[in-house]
Amino acid sequence: MIIKRLKLHNWKNFQNVEVSLSERCFIIGANAAGKSNFIDALRFLRDIAKQSGGLQTAVEDRGGVTKIRCLAARTSTNIIIDVELGEPDSDISTWRYRLDFAHVGGGIMKKQAAILSETVWHNQAIILQRTKSSEDEDSETLKYTHLEQITANKQFRDIQTFFQNIEYLNVVPQLIRESGSYLQTQSKEDFYGRNFLEKLAKINERTRTAYFTRVNEILKYAVPQLDKLQFVKDDNGVPHLEARYVHWRAQGSKQQEMQFSDGTLRLIGFLFALLYSSGVVLLEEPEINLHAGIVKQLPEFISKIQRYKSKQIIITTHSYDILSNEGIGTQEVLVLEPTKEGTIVKRVSDIPEIKAIVDAGFSIADATISATTPQDVGKFVLQSYYKKVKCGKI
């Protein structure tokens, strides 16, 4: 299954958004348009389904309901996330999950999230509908979703499993190199790389070896000076990546992740996320620190992975090189546009002026990058120049 449709109401940058998603999806937009916040709605559902605190912990980790709620919200202050799931080649959704919640508490009362409604559809028939007026519901039961309660979600366990399998990757190489932080952060989710090595440690040895074999096949082209990447543990049981660095000595020399370049670490993380994950993969700007030649091939590589192992991959990017790939279709790209009423989201295929440029033979990059560039960015450069001239620095 994949996420077929996503609807957001008052979620961070988005006052009202409803958009279809494809099996391979590229999200573009200006800085602060809400690319990370858009995919965070999916991470939010993942965090609830993980059962490591459920709704209340997922909300607290984001600073509370008031920090999540869209600043452009008007009289309606509740937050809604509505997701439809189905097969990639079908126009009909198999599952739909809708969560509507709001802020309660303040003063001497603890600030929390209160469920206004939780609804589940299967094949367009409602199989769960919880509201404040439902029988056996009160202010305490409405602090917890049925999604996070294994005894309550038997009828829609497929949804819980789907959300649990969502993988997020935004590797910060400096954190991977801090091996000393492993023991303190191994239980944390999405720690920007700190739990990447822990995830590798949890894979059984046979499967991990198979993945390393495939990753090594790719690395020999992308990073030819690194050979035989493997997984090892030190005397304290802390996991490490280790490879042979090829140079003038016949045997080369061993290096661990502390010596790897930023681009190499991000590429390794990117490859493992695609090969190992069993669900939706969320990737934040995979082009950072990578050579343009490698970046340009990423969409093609993703496509090959999807043919081998069906999965949905959602990417946020600013990269001209990624979007210049000729295989990207107009239905695969979402454009985020900030407005005074919150950010709006449209597929390129639904934006006539941009689609016309692509239909004329230009790449997605040529058609969209200029459209997402802040209009006044050139003025900033000119103003900086004139200030330097005025001060006699030029």
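Helix by helix through the chain, keep the DSSP H runs that span 18 Å or more along the axis on Cα and average at least 0.5 on Kyte-Doolittle, and give those back in order. Taking the DSSP H segments of the chain (at least 18 Å long, mean hydropathy at least 0.5), we get 262-276.
For the range 33-152, the dipole from Cβ point charges (+1 on Lys and Arg, -1 on Asp and Glu) about the Cα centre works out to 660 debye, to the nearest 20. For the chain, modelled as a Gaussian network with Cα springs under 10 Å, which listed residue fluctuates most, Gly237, Gly64, Gly342? Maximum among the listed residues: Gly237. What whole-number distance in Å separates the alpha-carbon centres of the range 319-344 and the range 61-130? Comparing the Cα centres of the range 319-344 and the range 61-130, I get a distance of 25 Å. If the segment from Ser349 to Thr209 were pulled out straight at 0.36 nm per residue, it would be longer than the present Cα-Cα gap by 46.3 nm. Roughly to the nearest percent, how much of the accessible area of the chain is carbon and sulfur, given a 1.4 Å probe? Solvent-exposed carbon and sulfur of the chain make up 49 percent of the total. For volume of the Cα convex hull per residue in Å³, which listed value, (1) 145; (2) 132; (3) 216, comes from the coordinates shown? After the calculation, the listed value that fits is (3).
Each of Asn236 and Ser134 was given a label point 7 Å from its Cα along the Cα-to-Cβ line. The distance between the two points is 4.7 nm.
Under 20 Å Cα-Cα from Lys254, which aspartates and glutamates qualify once same-chain neighbours fewer than 8 residues away are excluded? Of all the aspartates and glutamates, those that pass the test against Lys254 - Cα under 20 Å, at least 8 places apart if same chain - are Glu178, Glu217, Asp227, Asp234, Asp235, Glu242, Asp262.
For the chain, the 222 nm mean residue ellipticity estimated from helices alone, with every DSSP H stretch of n ≥ 4 adding -39500 (n - 2.57) and the total spread over all residues, rounds to -9500 deg cm²/dmol. Radius of gyration over Kirkwood radius for the range 5-128, both on Cα atoms: the Rg/Rh ratio is 0.97.
The values are calculated or read from the model by the stated rules, or taken from the named source; none is laboratory data. None of the values given here were measured: they were computed from a predicted structure. Virtual Cβ from ideal backbone geometry, glycine too; neighbours counted across all protein chains shown. To get the accessible areas, we keep the full protein, side chains included, count just its heavy atoms, and leave off ligands, DNA and RNA. Shrake-Rupley method; radii C 1.70, N 1.55, O 1.52, S 1.80 Å.
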